[in-house]
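Worksheet: one structure, shown below.
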Amino acid sequence: MLNQNLILPPKEANSQPEILVCCEPVVIIGANGAGKSRLGLWIEQNQSNPEKVHRISAQKSLDFPEYVQLKSLEQAEKELLLGTSQNPQTWGGLLQTKMVNRWSGGQQRPTLSVTVALNDYERALALLFAKKYQRDSQLAKRIREMEREDKNERPELPNSPDEILLNIWKDILPHRELVIEDGKINVLISGNDVYHGREMSDGERVALYLMAQCLCLPPDSIVIVDEPEIHLHKSLMSKLWSKIEEAQPNCLFVYITHDVDFAASRVGAKKIWLKSYDGNHWNWDEVPKAEALPEPVLLEILGSRKKVLFVESDKGGLDYKIYEAVYPEFLIMPRGGCDKIIEATKAMRDNSALHHVEAFGIVDMDYRHQAQIDSWKNFNIFPLNVAEVENILCVPELLEVVATFLGLNPSDICQRVADFVIDKLEKDLEYQVAQRSASEIQFKLNMFNAKKSIEKTSFVKTFDDLVASIDAHKIYENNFSLYKNVLVSKDYEKALLLYNNKGLPSRISHFFGLLPGQYQQQVVRLLSSEHKNAIVSGLKKYTPTLIG
């Protein structure tokens, strides 16, 4: 079972390095500029057993020759791990030899080791062939010994790294058959169609490179992989690394990445959150637990340096694009319905490990009343100034921008749309009043707290008093008057605040000479044009100002 120590830099300046006891792989995730590659270098240089540490750079050459030069196992292993076949005599000598020869091409400039493109593809393949040759030689020797001893037993046939590699390749890329023999790599497709390994795609070549590197390492190695997802399709990425880990169960894999999907795919791994780097020190911590936030969501939040805004939206949808435009300084995180927004925002605020991450939530007004809105403010949750996010597409300011762009009369369009919406609300009056009244009653009923009254008499009295305080007739009449006043005054903006109807944007398309749905598409195009600022300026009137 894997059980290795990993030394990480101090969490704070002037403190001691941290020692993690690892029984599982480690994933270090951080935003661009968080010093990830330099951290990989630090880890490589500061472990107690440098001969067992192997770092795979994000920057690497994917070229290799047509024929791989066959070498002795000792020479091939030293050249891959140290960059030279020299034999360093001391701990410091080994580390210095690796920094100078493997990472700096023989130049005394080890600082290059975080930016230089590593050119060791042929060395990895040479070691793969050397291990294959060693296994075959040992097997042949054993067979001859058994023949001399007149034994009929079948000798044990351990898999060589190249055979393990071929099995993994077949599993993840079954449409391409890899052939490794005679110092040459070929790929076979469609039965007889063969091409040289150098002609493989970047994804295929990097998969071969990573497998050759990792499968040839000694047991108990610490393998530091910078950007393990690079050039790999997401459908292959997780499976490839899972297979490599399975083939090297005694090696500790340390992945350094900014890719949230990759980090989330390493189920069971120890996750490290790299917060920042000032050029000398890293600020890091283990990824905290947050029950209300799935790990992929939490990792995306931690991997960003922005404030977080939870919204009722689908990623990539029009409302998502609107939030991105209005709140460019925020990481927009869709979380489904209102309850999920409240749950996620509270979870961020209540988790002491996440206090430095400012989190806000925006929900649709959606029949909310003032008492409910006021109760949210303490949690940085605010409603839109329209009933639903779809209504924000119908505000006068946006109608004017679209009408002007299409060469229409903005005042005429705004009036016609306003008359249409007011008329539609009048037809839906009773339904809207009933829905708003039901929402208000539901809110009042949710105030019943059974935990405060567990004794039967007190329990029944508390509930009866609450029910008695709810005057359904009065609530309905008050809401009817609210909507009726909007209709009488023809207050269009107030109608958009009270009228829940997700279909309004599609229903107004014809006023612009557009088919249903084309009005929304037009807004998307304008958000990517010189009209963006005018749209955002108009929308800010209907979106809350977020101040922690």
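Overview of results
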quantity	calculated
With every protein chain in place, the chain: carbon and sulfur % of accessible area (1.4 Å)	48
Sites Ser242 and Val467, calculated FRET efficiency, Cβ-Cβ separation with R0 56 Å, nearest 0.05	0.50
Ordering of 487-494, 354-361, 410-417 by burial proxy (mean other Cβ atoms within 10 Å per residue, highest first)	354-361, 410-417, 487-494
(1) 39.0; (2) 24.1; (3) 26.1, with the label sought being that of the calculated mean projected area of the Cα convex hull in nm²	(1)
Computed helical MRE - 222 nm, the chain, DSSP H runs ≥ 4 contributing -39500 (n - 2.57), nearest 500	-14000 deg cm²/dmol
Length-normalised contact order for segment 406-548 - Cα pairs under 8 Å, 6+ apart - percent	27
Probe 1.4 Å, all protein chains present, accessible-area order of Arg507, Arg305, largest first	Arg305, Arg507
With Cα atoms, 0 to 90° folded angle of helix 429-445 axis to the chain main axis	70
Average Cα contact separation per residue, segment 41-104, under 8 Å, 6 or more apart, as relative contact order %	29
Label-point gap, in nm, between Lys289 and Asp412 - each point 7 angstrom along Cα→Cβ	6.5
Förster radius 51 Å - calculated FRET efficiency between Asp202 and Arg142, Cβ distance, rounded to 0.05	0.80
In Å², nearest 10: area of Lys541 left accessible to a 1.4 Å probe	110
Computed over segment 352-424: relative contact order in percent, which uses C-alpha pairs under 8 Å that are six or more apart	23
Efficiency of FRET between Leu527 and Lys306 - r from beta-carbon atoms, R0 25 angstrom, step 0.05	0.85
Surface accessible to a 1.4 Å probe, per residue, for the residues of the chain, Å²	49
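The values are calculated or read from the model by the stated rules, or taken from the named source; none is laboratory data. Computed from a predicted structure; not experimentally measured. Glycine also receives a Cβ, built like all others from the backbone with ideal geometry; neighbour counts cover every protein chain displayed. With ligands, DNA and RNA removed, areas are computed over all heavy atoms of the protein, side chains included. Shrake-Rupley method; radii C 1.70, N 1.55, O 1.52, S 1.80 Å.
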